[in-house]
Amino acid sequence: MTALITDDGIVTRWPAKAADRVLILAAKFEAGRDYSECEVNDIPKRHHNFGDWALLRRIVRKRSFLA
């Protein structure tokens, strides 16, 4: 999985395995913390470089990382 993430923690491409996707996204959010809508949008934007931050945001919502 390290080939998917740079040394700076930037996701370079979306992993094929669903388990890898969950690990990548979960690591970007703190458990038990409330996030504003702006923060929820900003975190995926800052942590990838493959051009589809909206995909990451949808996965965050779908996987119930956020209420």
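Are any of the residues in the range 28-47 modelled with pLDDT under 75, surrounded by 11 or more Cβ atoms within 10 Å (Cβ to Cβ) and under 15 Å from I5 (Cα atoms)? So far as the range 28-47 goes, no, none of its residues is modelled with pLDDT under 75, surrounded by 11 or more Cβ atoms within 10 Å (Cβ to Cβ) and under 15 Å from I5 (Cα atoms). On the basis of being modelled with pLDDT under 80, assigned to a helix (DSSP H, G or I) and either surrounded by 14 or more Cβ atoms within 10 Å (Cβ to Cβ) or among the hydroxyl-bearing types (S, T, Y) (or both), does V60 make the cut? Answer is yes for this residue. When the residues of the range 28-43 are filtered to those that are of a type in the set (A, V, I, L, M, F, W, C) and assigned to a loop (DSSP other than H, G, I, E, B), the one that is farthest from W53 (Cα to Cα) is A31. Picking from residues in the range 3-27 that are acidic (D, E) and not in a helix (DSSP H, G or I), the one that is modelled with the lowest pLDDT is D8.
The values are calculated or read from the model by the stated rules, or taken from the named source; none is laboratory data. These numbers were taken from a predicted model, which means no experiment stands behind them. Because the Cβ atoms are built from the backbone with ideal geometry, glycine has one as well, and the counts that use them run over all protein chains shown.
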